[in-house]
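First comes the structure, then the notes that go with it.
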Amino acid sequence: MHSRMATEGLRENETLASLKSEAESLKGKLEEERAKLHDVELHQVAERVEALGQFVMKTRRTLKGHGNKVLCMDWCKDKRRIVSSSQDGKVIVWDSFTTNKEHAVTMPCTWVMACAYAPSGCAIACGGLDNKCSVYPLTFEKNENMAAKKKSVAMHTNYLSACSFTNSDMQILTASGDGTCALWDVESGQLLQSFHGHGADVLCLDLAPSETGNTFVSGGCDKKAMVWDMRSGQCIQSFETHDSDINSVRYYPSGDAFASGSDDATCRLYDLRADREVAIYSKESIIFGASSVDFSLSGRLLFAGYNDYTINVWDVLKGSRVSILFGHENRVSTLRVSPDGTAFCSGSWDHTLRIWA
Amino acid sequence: MAQDMTEKELLKMELDQLKKEVKNERQMVSKTGKELKEYIESMAGEDPLLKGVPEDKNPFKEKGGCIIS
């Protein structure tokens, strides 16, 4: 009996070892295929593009009111309102022009890691350590009781790390510490599609610009960025070039590429049609993780917030840093460019949000 | 869910995915990179953070400016 179990144990280990070596060999093959099309570097393609001049970007507004670390923010389509969420459970909707708080709700959990504005501007979604994504309609009643109208939509088996409405208020896409992403119907709370493939916590996601079709990209603690078909639930492409967790992913405005920010202190650009990484944004002096990335309207600039409290502005084509922005007094945890590209907002562990232009 | 899967199940999932991806169609970086660059060039004129916006036109630059909402 003992020797049979030992033999079976050995067979089990052999299978694991042979699976590992098959995976390694396939990864090698994939790299070979990708390398065949790697005929130039992106900065070479951009050699004759005019270099960028000096940038003067300053904090134009500071939003104060959170009692603890700001973890996430999102813009309303009206280019003016912002929703933000924090470690202490508070979710606040701001008018960024006036810095007034328009709505506030306290979640029943701490670490509200994800929040999103609905396309209509009439609701927000948020979640975190409660493992759920909940939707709150926004009203303009004098004594609004947001908590009373709360609707639980998504249920994961671990923390919610990211959420986004699709192109309507009807569906929400979520990412979770349970290693999956999922698409939900807001009205019924029904799970429409789930996305399996990450080998560890999923930390971020971004939907492709609507013209490009039904795909989204996710990034995780498995160092992978994965591009998904929303209808079939299949992963179309995956990229594993980062050396650590991917904290943020964002589509290039045309939808043909996406950027990532990682704990390995680099940001990278992945070209979807060439199916490879085509640029790395890094410097020896930058040793802290990048938590959040977003593009300017044209895609020429990449703004990235870091755990060393700074924001670096990168020339996407040439690969060089064009500016470094100081102001936050703790980690920058979240960053989004406004819908019309006139400004960007950063949120930080220093409890504030800043609008830069 | 990744958190409920054994090492073997995770590897099998990864293998299946890799087998599919090896067959994906790809284009040359010289072509796709050029298209990324051309997109930027076509949009650069409209990019407020890139080219700058006069103080009186950007609502964030002038606090208390006139805003029609």
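The table for this structure:
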item	result
Boolean, A:Leu272 is at the interface with chain B (Cβ under 10 Å from one of its Cβ atoms) and either in contact with a Pro (Cβ under 9 Å, 6 or more places away or on another chain) or hydroxyl-bearing (Ser, Thr, Tyr) (or both)	no
Which listed residue is open to solvent by less than 30 Å² (accessible area, probe 1.4 Å), in a strand (DSSP E or B) and within 15 Å of A:Cys72 (Cα to Cα), from A:Leu335, A:Leu269	A:Leu335
Pair list, Cβ under 9 Å, 6 or more apart: region A:227-241 residue basic (Lys, Arg), other residue assigned to a strand (DSSP E or B) and open to solvent by less than 50 Å² (accessible area, probe 1.4 Å)	A:Arg231/A:Gln193
Members of region A:280-319 found to be more than 17 Å from A:Leu42 (Cβ to Cβ), outside any loop (DSSP other than H, G, I, E, B) and open to solvent by 10 Å² or more (accessible area, probe 1.4 Å), listed by number	A:Ser291, A:Asp294
Residue within region B:47-64 that is basic (Lys, Arg), under 20 Å from A:Met57 (Cα atoms) and within 7 Å of another protein chain (Cβ to nearest Cβ) present	yes
Residue list for region A:196-215, filter: of a type in the set (A, V, I, L, M) and within 14 Å of chain B (Cβ to nearest Cβ)	A:Ala200, A:Val202, A:Leu203
Any hit, region A:140-149, residues being away from chain B (no Cβ under 13 Å), within 30 Å of B:Leu15 (Cβ to Cβ), open to solvent by less than 20 Å² (accessible area, probe 1.4 Å) and touching a strand residue (DSSP E or B) at 6+ places or on another chain (Cβ under 7 Å)	no
Near pairs, Cβ below 8 angstrom, 6+ apart or cross-chain, from region A:18-32 (within 15 Å of A:Gln237 (Cα to Cα)) to any residue that is open to solvent by 70 Å² or more (accessible area, probe 1.4 Å) and in a helix (DSSP H, G or I)	A:Leu26/B:Lys19
Count - residues of region A:187-243 that are aliphatic (A, V, I, L, M), part of a strand (DSSP E or B) and over 13 Å from A:Tyr270 (Cβ atoms)	6
Only listed residue being more than 8 Å from every other protein chain (Cβ to nearest Cβ) and acidic (Asp, Glu), chosen from A:Glu47, A:Glu41	A:Glu47
Residues of region B:4-14 satisfying the condition of being surrounded by 15 or more Cβ atoms within 10 Å (Cβ to Cβ) and at the interface with chain A (Cβ under 7 Å from one of its Cβ atoms)	B:Leu10, B:Leu11, B:Lys12, B:Met13, B:Glu14
Cβ-Cβ under 8 Å pairs, at least 6 apart or on other chains, region A:41-62 side under 27 Å from A:Ala343 (Cβ atoms), far side surrounded by fewer than 12 Cβ atoms within 10 Å (Cβ to Cβ)	A:Arg60/B:Lys63; A:Arg61/B:Lys63
Spans of strands (runs of 3 or more DSSP E) in region A:121-174 with at least 1 residues polar (S, T, N, Q)	A:132-137, A:151-155, A:160-165
Matching residues in region B:15-34 - criterion: being more than 23 Å from A:Gly220 (Cβ to Cβ), out of contact with any strand residue (DSSP E or B) (no Cβ under 7 Å at 6 or more places or on another chain) and either surrounded by 14 or more Cβ atoms within 10 Å (Cβ to Cβ) or at the interface with chain A (Cβ under 7 Å from one of its Cβ atoms) (or both)	B:Arg26, B:Gln27, B:Met28, B:Ser30, B:Lys31, B:Lys34
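The values are calculated or read from the model by the stated rules, or taken from the named source; none is laboratory data. Computed from a predicted structure; not experimentally measured. Cβ: placed from backbone, ideal geometry, glycine included. Neighbour counts: every protein chain shown. With ligands, DNA and RNA removed, areas are computed over all heavy atoms of the protein, side chains included. Shrake-Rupley method; radii C 1.70, N 1.55, O 1.52, S 1.80 Å.
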